[in-house]
Every structure is written in structure tokens, then in C-alpha cells.
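Contents: one structure, followed by commentary.
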Amino acid sequence: MSFGHKHILGIEQLSADDITLILDTAESFKEVSTREIKKVPTLRGKTIINIFFEASTRTRASFEIAGKRLSADTMNISASTSAVVKGETLEDTAKNLEAMHPDIIVMRHGHSGAPHYLAERCGFSVVNAGDGAHEHPSQALLDLMTIREKKGTIEGLVVAIVGDIAHSRVARSNIYALKKMGATVRLAGPGTLLPTEIERMGAEVTTDMNTALDGADVVMMLRIQQERQGKALLPSNREYSRFYGLNPENLKLAKADALVMHPGPMNRGVEISSAVADGAQNVILDQVENGVAVRMALLYLVSGGEQLAEQSA
Amino acid sequence: MKILIKGGRLIDPANSIDDQLDVLIENGCVAAVGTNLDSDNAQVLDATNRLVVPGLIDVHVHLREPGYEYKEDIQSGTRAAVAGGFTSVACMPNTDPVNDNKTVTSYICQKAAEVGLATVFPVGAITKGLKGESLSEMGQLREAGCVAVTDDGRPVDDGEIMRRAMEYARSFDLPVISHAEDLAIVGGGVMNDGFVATELGLKGIPWVAEDAMVARDVMLAEFTGARLHVAHVSTRGAVEIIRAAQKRGVAVTAEVTPHHFTLTEEAVRGYDTNAKMNPPLRSADDVAAIRQGLADGTIGVIATDHAPHHRDEKNVEFNIAMNGIVGLETALPLTLRLVEEGVLSLSEAIARLTCGPAQALNLSRGSLTVGSIADVTVIDPECAWKLEAEELLSKSKNTPFDGWSLKGKATNTLVRGKIVYNSDEV
Ligand SMILES: [Zn+2]
């Protein structure tokens with residue numbers, strides 16, 4: 001089957017078939033990372049610019065490695081510290097990027113919709129590496145890849161997503177992705193962190209974490225963003241961890257073989273206890289490893305992957 | 001100078017007239033209304049198949065002068081007004097300097113008179129510098145020409161200041177216009193709080209931020225006896241609060257904008273910054289309630305909240321885009337859609353644009369009574385046209401209705417008996 005998307009702006013626009021194709025492609029690329037020479041010539045001659053308006057060491061590194069393993073020329077721009085401070089608008093940035101004739105722009109931006117802005121106005125492919133509280137598609141895809149790898153399938157699983165749903169692009173992308181692939185999604189968090197009408201995205205919503213954990217196949221913990229605590233969203237870390245932290249006790253409510261996931265970086269002792277973070281059920285490093293493979297697949301597919309298929313095989 | 005408007009369908013809701021009648025204008029006033037009027041040496045304006053109505057009044061525009069002439073000025077704003085059929089506009093005080101003193105008021109009046117298009121009724125600030133701290137010199141503002149006071153663009157946060165403002169404004173018979181939002185509840189919201197905001201990952205402005213402030217201001221009006229006008233109502237709750245207050249006899253009027261009765265929060269999808277406004281576009285339920293409020297007369301005024309912004313202030317990420325759209329040239333056809341959709345009768349629709357606003361701000365306009373000032377709008381109700389944002393006469397082109405097929409257009413706009421707009425000559 002073919003992949004008809006020039007951009008990866010979010011999971012919302014992808015079909016279940018698209019997602020399956022991405023995951024299958026990622027699986028075939030995963031092996032590349034284990035070779036002695038970790039490189040295929042697939043995207044040789046292509047230029048990929050990673051432009052990050054928000055700091056994110058791991059996502060940026062993951063995209064950069066993915067591009068390099070495909071032999072693309074990759075470069076990084078940290079926009080937060082330079083252009084924006086000098087008053088450059090996103091329009092200016094778009095024009096400047098276009099003038100460099102990149103093939104793909106990987107963008108992280110603090111404002112929801114910023115990658116959509118670029119995609120509408122520029123000729124290159126745009127891959128969203130996280131926009132505001134909107135979507136983080138590559139994260140959801142690597143989560144799916146990890147789940148599929150460990151559980152064999154996604155369909156029929158019960159996935160609990162716990163924590164700061166309101167500000168989480170990871171949560172939104174995962175809700176879309178998991179629903180499309182036939183999983184049941186349960187969301188849990190305090191009322192201040194559950195956005196209005198989130199249940200209309202097709203998830204079960206509860207303020208009681210135990211309800212969400214009960215019989216879950218996968219427990220996905222979200223990062224609590226300490227900087228938000230001043231805004232009357234949470235009384236304290238201690239209170240949060242008491243009611244919404246994952247520990248060995250409440251993890252027992254989930255299935256015995258439930259996977260524990262976290263998009264990182266973790267606040268140990270707040271949303272996740274060290275015992276769980278270092279426990280046997282966590283697949284957090286698998287997520288990181290799969291992240292590179294998924295991002296290779298995305299870069300490959302948005303550059304018109306089919307024609308390249310024989311070359312790289 | 002005499003003008004005879006002949007053969008049109010005259011709709012004058014203030015006088016309960018809807019009939020085939022001619023209008024004779026002499027010396028800037030309505031001299032006669034009747035059948036088969038004749039007058040030698042009068043310029044005849046053929047209004048066959050047209051509507052002849054009192055000049056439309058917009059009680060909520062931002063003309064941006066002084067201070068933000070790069071967005072709009074009195075000349076360009078009133079030119080857009082008359083092209084949209086408006087003969088009178090009330091301009092908001094959030095200029096630079098703020099219209100919180102008689103010097104700025106006089107400047108606006110003088111400039112508008114020089115331009116000579118629509119009549120401009122300045123609205124003064126409630127508090128000095130719109131800071132919400134101390135009352136403006138409302139008596140002098142009224143003497144200089146202000147017809148009401150408001151801190152529009154922001155609420156008067158402090159309940160005590162609002163109480164005193166109402167008590168003080170009452171001494172000068174100035175209506176107080178409430179821009180109703182509880183900023184603390186708004187938080188950092190940029191669109192309506194609801195499912196669309198959740199999906200788009202944008203921070204929401206909940207309806208209760210508006211309802212809470214409308215409730216406070218309505219209660220303060222009841223307590224002080226002041227005349228309250230609630231600007232740009234956008235929520236179901238606000239309509240209900242105002243309706244209940246009116247039933248109790250509180251002197252409260254309300255306006256709604258064409259975009260709030262036409263569009264819902266869905267228009268924000270795609271992060272269209274031309275759908276970013278304050279108050280935000282609301283849910284379908286809110287829109288239904290607003291239309292109901294218009295229909296039953298709770299909301300007696302349609303006002304545009306014409307808010308021109310430069311392209312560079314809109315061509316940015318949604319979060320940081322400025323609030324507001326231009327509205328003077330789209331209000332009439334969007335209002336006529338309400339007639340087509342059965343929400344309002346034609347006469348009611350015209351009332352919401354003429355005597356309703358005149359009554360809310362106590363303006364000596366809004367009817368074609370013999371002897372009154374001859375502000376008249378002639379409308380071709382069947383004229384179908386496509387809105388091209390670039391062709392708007394406003395300096396700014398920020399509209400979510402670009403490319404829309406609209407019906408109904410002002411063909412002639414007369415201010416004080418003078419034709420200031422003729423669609424054939426544009
Ligand atoms: Zn306002």
C-alpha cells in the first residue's frame with residue numbers, strides 16, 4: 001500500500017492503514033540500528049532541518065540520528081534562543097527555511113498549530129515533533145510500536161493514560177492512535193488536568209486512577225510539569241503522587257503483565273516511583289529505541305518512500 | 001438641496017412602517033414620507049426593488065485613531081461604514097492616547113466632521129487610561145460629545161470601581177457599556193473552552209468567564225439604577241441573565257455581533273487566526289441561544305465590534321494573534337441571512353440595526369420620522385455578491401468571511417441628507 005501524506009502534522013489525519021504501514025516500515029528499519037555500519041543510503045542527498053523552538057534533547061537527538069542513519073544531510077536549528085528573541089516571526093522563519101531548499105522540516109514548537117502554519121505556506125514536507133498541547137505524532141507511533149512489539153497487537157487492549165492530560169500533546173496523539181488501532185483508552189487525572197469534553201475524543205475519563213488502572217494492559221504515565229503547579233492546578237507534588245502516582249501497589253490493579261510506559265523525562269517519586277520506573281514491567285528504554293526506527297520510517301515515507309523501497313531493500 | 005427617494009419598500013421599524021413609500025429629504029432632514037411624492041428640482045433616487053431604511057447604526061467599532069492608524073483611521077473606517085450601509089458608528093476608546101478626556105473626544109469629532117462620511121459618536125473610557133483604577137471625567141466627556149462610557153477591550157475588574165462608575169455615569173445619563181469577562185477565569189485562554197479547544201490543544205476561555213461578569217454588572221446596574229449596555233454577548237448564560245434582568249425592569253440592553261450569530265468555535269479549526277476574537281466564537285448551543293435572544297428582543301442590537309488589525313498581527317501562530325475581525329462591510333448581508341433562515345422578520349432585522357442601537361445609546365437617530373435627521377440606507381436585498389477580503393475598504397482585511405457568497409448590499413447611503421456612498425460609483 002502507499003503512503004499518501006506529504007506531511008506528518010498529527011495522528012488525527014492518519015488512517016489505521018497509514019499507522020500500520022508506518023509501524024511495519026519502522027520495524028524493517030529497526031534492524032539498521034543494530035548493524036555495525038548503522039547507515040542505509042535511502043535518503044542520500046536529501047536535506048532535513050530540525051528546528052526546535054522548545055528544548056527537547058531526546059526528541060531532537062532521535063530525529064537527528066534517524067536522519068543520519070538514512071544518509072540524509074541533517075542540521076539543527078535552535079530557534080528559541082536566536083531568531084524569536086530577535087523578533088523574527090514564524091512567517092520570516094518559514095521564508096528563511098524555504099530559501100534553504102530543505103526536503104523535510106522537523107519542527108517542535110510551543111504553539112499549537114505552528115507546523116500546520118508551515119505546511120500551508122511552504123513547499124517542503126513538515127514533520128511535527130510536538131506542537132503546544134496539540135499533537136506529538138512520532139511519540140504516539142513509537143508508543144504503538146512498543147506496545148505491538150510486546151503484546152503482538154494493539155486491538156482490544158486496555159490502555160490507561162494517567163496524569164496531565166490537559167497540557168499533553170502525547171496524550172492527544174495517543175488517544176487518536178490507540179482508538180484508530182482498536183484499543184480502549186482510559187484517561188485519569190485530577191479535574192484540573194482533564195480538558196473540557198475530552199471524553200468526546202472517544203476515551204473513558206475518570207478522576208480516580210485506580211479505576212483507570214483496573215485490568216489495564218498498558219499504563220502510560222505522563223510527566224507532571226512542575227512549572228505549572230503555581231497556577232492552582234495542583235496543591236503539591238506530595239498530594240499528586242499520593243493520588244496519581246504509579247507505585248508497586250496500585251500497579252497490581254493492572255494486568256500482571258501490564259506494560260509501564262513514560263514519554264520521559266520522568267519525575268521519579270512524583271508521577272512514578274523509582275521501584276516502578278526501574279521495575280521489570282517498564283518498557284521506557286524500548287520506547288527510546290523504537291523512537292529512532294519510527295522517525296526513520298516517517299522521514300522515509302514523507303519523502304515518497306515507495307520509489308525508494310527497492311534501493312534500500 | 002432636495003432628494004426624493006422614490007419607489008422603494010420603506011421599512012421604518014421605529015414607526016412600525018413597512019410599505020411602498022417615497023421619502024423626500026430637504027435640508028438634511030426627512031421632509032415628507034408618502035405615496036407618489038413629487039417635488040420639482042429634487043434629485044430623484046430610484047429605489048425600485050430596493051429597501052429604504054433608516055441609516056444603519058453600529059454602536060461598537062474600533063476606528064483605531066488616534067494611535068493605531070496603521071490598522072484603520074477615521075477616514076478609512078467611516079468609508080467602510082458607509083459602504084456597509086452604516087450612517088452612524090460609535091467608536092471605542094481604546095486608542096492611543098485613550099479617549100478618556102475631552103481633548104481626544106473633540107479630536108475624534110472634529111476629524112469625523114472633516115471627513116464627512118458617517119457620523120461618529122465617540123464612547124469615552126470608564127477609567128483613566130483604561131487602567132481600571134480611577135474614574136474618567138465623564139461629565140466633560142459627555143460635553144465634548146461622548147455618548148457612553150466603556151473600558152471595552154477589557155473588563156472593569158474591580159467591582160467597587162464598576163459600582164462607582166455606574167453611580168457616576170448615571171448623573172450624566174451616560175450608558176455604561178460592559179465588556180464582560182472575568183479575566184481570572186479567562187486565564188490564558190485563546191478560544192472557546194470546549195471540545196474543539198481540547199482537540200486543537202489550545203487553551204480555552206470558558207463561558208462562565210462571561211456569564212459571571214454579566215451577572216455582576218447586571219446586578220450592579222440594578223443596584224445603582226444606571227443604564228447598562230452589554231457588549232458582544234456570546235453565551236447562552238449571558239442571554240438568560242439579561243433576559244431575566246429585563247423582566248425585573250433593570251435598564252439593560254445588549255448587543256451581539258454578526259460573527260457570534262453566524263459562526264461557531266468550529267471556525268477555529270485549521271488554526272485560522274481570522275476566527276480569533278474576544279469573546280471567542282462559541283458552541284452551537286450558544287449560537288442558538290443568541291439567535292433566540294435576538295428573536296425575542298432580549299438582544300435589541302446587532303453591532304459589529306469592527307476590530308481592524310494589520311496582516312502581520314494575524315499572520316502568526318494562533319496563540320499570539322490579535323483578537324478581532326473587521327465587520328462593517330459584512331454586517332448587513334449576515335444579518336439578512338437571519339431573515340432568510342427565519343430567525344428574524346425583515347423589519348426586526350432592520351430594527352436591530354437602527355432603532356435598537358439608537359435606543360441603547362440614546363442616539364437621536366434610527367427612524368425616518370418626518371423632521372428627523374435624514375440618515376437613510378437604500379439596500380438591494382437581492383444583490384448576490386462574493387466577499388473578497390482584499391476589496392474591503394477598511395485598511396485591514398482580517399475577516400473569516402473571505403470568499404463567502406453573500407446576499408444584500410447597501411446601494412446608497414445618505415448621511416444628513418447627503419449621498420455619501422453610491423455602489424455604482426465604487
Ligand atoms: Zn469588547
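Here are a few things to note about the model shown:
- Within the listed set A:ASP278, A:ASP164, A:ASP73, the Gaussian network model of chain A (springs between alpha-carbon atoms below 10 Å) gives the highest mean-square fluctuation for A:ASP278.
- Within the same chain, lysines fewer than 8 places from B:LYS2 are excluded, and of the rest, those with a Cα less than 23 Å from its Cα are B:LYS418.
- Membrane-span-like helices in chain B, defined purely by DSSP H runs whose alpha carbon atoms cover 24 Å or more axially and whose average Kyte-Doolittle hydropathy reaches 0.0, are B:207-224.
- Signed unit charges on C-beta, dipole axis of the protein assembly as shown, positive-most listed residue B:SER106, A:VAL294, B:ASN49: A:VAL294
- Scanning chain A for GluC sites (Glu not before Pro) in DSSP loops with at most 14 neighbouring Cβ atoms within 10 Å leaves A:156-313 as the longest stretch between them.
- Percent breakdown of C-alpha pair distances by 10 Å bin, ordered from the shortest bin, for the range A:52-128: 17, 55, 27, 1
- Relative to the dominant Cα principal axis of chain A, helix A:57-69 is inclined by about 40°.
- Cα-Cα pairs of the range A:137-283 separated by more than 22 Å (percent): 31 percent
- Whole-Hz ³J(HN,Hα) from phi, Karplus 6.51 cos²θ - 1.76 cosθ + 1.60, for the range B:64-71, glycine and proline x: 6, 10, x, x, 10, 5, 6, 8
- Projected label distance in nm at B:CYS29 and B:ARG311, using a 7 Å step from Cα toward the beta-carbon: 4.8 nm
- Amide H contacts of B:ARG227: B:VAL176, each under 5 Å away and 5 or more positions distant or on a separate chain (H built 1.01 Å from N in the peptide plane; Pro and chain starts excluded).
- Based on the Stokes-Einstein relation at 37 °C and a viscosity of 0.692 mPa s, and on the Kirkwood radius from alpha carbon pairs, the range B:55-366 is assigned a translational diffusion coefficient of 172 µm²/s.
- Modelled label reach - B:VAL370, point 7 Å along Cα→Cβ, the range B:1-24 residues with backbone N closer than 18 Å: B:2-7, B:10-24
- Contour excess over end-to-end distance, with Cα ends at B:ASP402 and B:GLN43 and 0.36 nm allotted per residue: 125.6 nm
- Working note: Karplus 6.51/-1.76/1.60 with θ = phi - 60° gives the range A:22-32 the couplings 4, 5, 5, 5, 4, 4, 5, 7, 4, 5, 4 Hz, where Gly and Pro are set to x.
- Rg/Rg_globular for chain A, with Rg_globular taken as 2.2 N^0.38 Å and Rg from C-alpha atoms: 0.98
- Percent of beta bridges antiparallel (DSSP, the protein assembly as shown, rounded to nearest 5): 35 percent
- The range B:196-206 - phi-based ³J(HN,Hα) in whole Hz, Karplus 6.51/-1.76/1.60, Gly and Pro as x: 5, 4, 4, 5, 7, x, 10, 6, x, 10, x
- To the nearest ten degrees, helix A:137-151 and the longest principal axis of the Cα atoms of chain A are 60 degrees apart.
- Ranking of A:ASP217, A:ASP131 by neighbouring Cβ atoms within 10 Å, starting from the fewest: A:ASP217, A:ASP131.
- Rounded tilt (10° steps) of A:284-302 against the dominant C-alpha axis of chain A: 30 degrees
- Per-residue [θ]222 nm for the protein assembly as shown (sum of -39500 (n - 2.57) over DSSP H runs n ≥ 4, rounded to 500): -10000 deg cm²/dmol
- For B:THR257, residues with placed amide H under 5 Å, excluding near neighbours: B:VAL233, B:ALA303
- Among the listed pairs A:LYS179/A:LYS255; B:LYS71/B:LYS409; B:LYS314/B:LYS409; A:LYS6/B:LYS71; B:LYS276/B:LYS386; B:LYS102/B:LYS397, those with a Cα-Cα distance over 29 Å are A:LYS6/B:LYS71; B:LYS102/B:LYS397.
- Residue-normalised convex hull volume from the C-alpha trace of the protein assembly as shown: 169 Å³ per residue.
- The longest part of chain B holding none of the exposed loop trypsin sites (Lys or Arg not before Pro), meaning those outside H, G, I, E and B in DSSP with at most 15 other Cβ atoms within 10 Å, is B:270-426.
- Relative exposure of B:CYS29, B:CYS146, judged by other C-beta atoms within 10 Å (fewest first): B:CYS29, B:CYS146
- Listed residue (A:GLY152, A:PRO137, A:ALA99) projecting farthest to the positive dipole end of the range A:65-162, Cβ model: A:GLY152
Values quoted throughout were computed directly from the atomic coordinates according to the rules given, and no laboratory measurement underlies them. Bear in mind that the values here come from a model prediction, so they are computed numbers and not experimental data. Positions of Cβ are generated from backbone atoms using ideal geometry, with glycine treated the same way; all protein chains shown enter the neighbour counts.
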